[in-house]
Amino acid sequence: MKKIMALVIGIVVLFVAAVVVLMTVDFNRTGKDNAYVQIDESAYTEEDKLDNGEVMKTYWYEQPAYTEDGEEIQVEFSAQKELRQGAYLMLYVNKDNEVSSYDEVSEAELPDEVKEAL
């Protein structure tokens, strides 16, 4: 009986730990490289109409970004709102330069090589 209770408690603890990890870890950012970009203008806006008649806008940006060592790469990414002109973003990019997420950062947070390139 004690073995069964220990097994059940162990399974419950593992389940709770798995739920906590899944709730707190952002897999869109894990294992990605960072690149930096300054928003200049949106390339284009895509509008989708939902079944209930609501219009959803997606703002697509296509422009050069710079890796932490100042290397220029071309990226394309989207946002659900229009991004502020002149804003600095830290992009999370995979090995194919696909953007999975981004954060707005201040100019002071940019690496020196990126400041020179921008």
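Bear in mind that the values in this text are calculations on the coordinates, not laboratory data. Computed from a predicted model, the values in this text were never measured in an experiment. Here the Cβ is made from the backbone with ideal geometry for all residues, glycine too, and neighbour counts use every protein chain on show.
For the pair the stretch 83-107 and the stretch 39-57, the centres of their Cα atoms are 20 angstrom apart. If you average the sequence gap of Cα pairs under 8 Å that are 6 or more apart and divide by the length of the chain, what percent do you get for the contact order? Normalised by residue count, the contact order of the chain is 25 percent. Remark: spin-label model distance M1-N94 equals 5.2 nm, labels positioned 7 Å along the Cα→Cβ axis.
Between amide H atoms placed 1.01 Å from N, distances below 5 Å from A87 occur with I39, all of them 5 or more places distant or on a separate chain.
Hey, what angle do you get for helix 2-24 against the long axis of the chain, alpha-carbon based, 0 to 90 degrees rounded to 10? The helix 2-24 is inclined about 10 degrees to the chain.
Using helices alone, I'd like the mean residue ellipticity at 222 nm for the chain: each DSSP H run of four-plus residues gives -39500 (n - 2.57), total over residue count, nearest 500.
Calculated mean residue ellipticity at 222 nm is -8000 deg cm²/dmol.
Just one of (i) 24.1, 66; (ii) 13.6, 40; (iii) 20.7, 68 is Rg and Dmax of the Cα atoms in Å as worked out from the coordinates here. Which one is it? Checked against the structure: label (iii).
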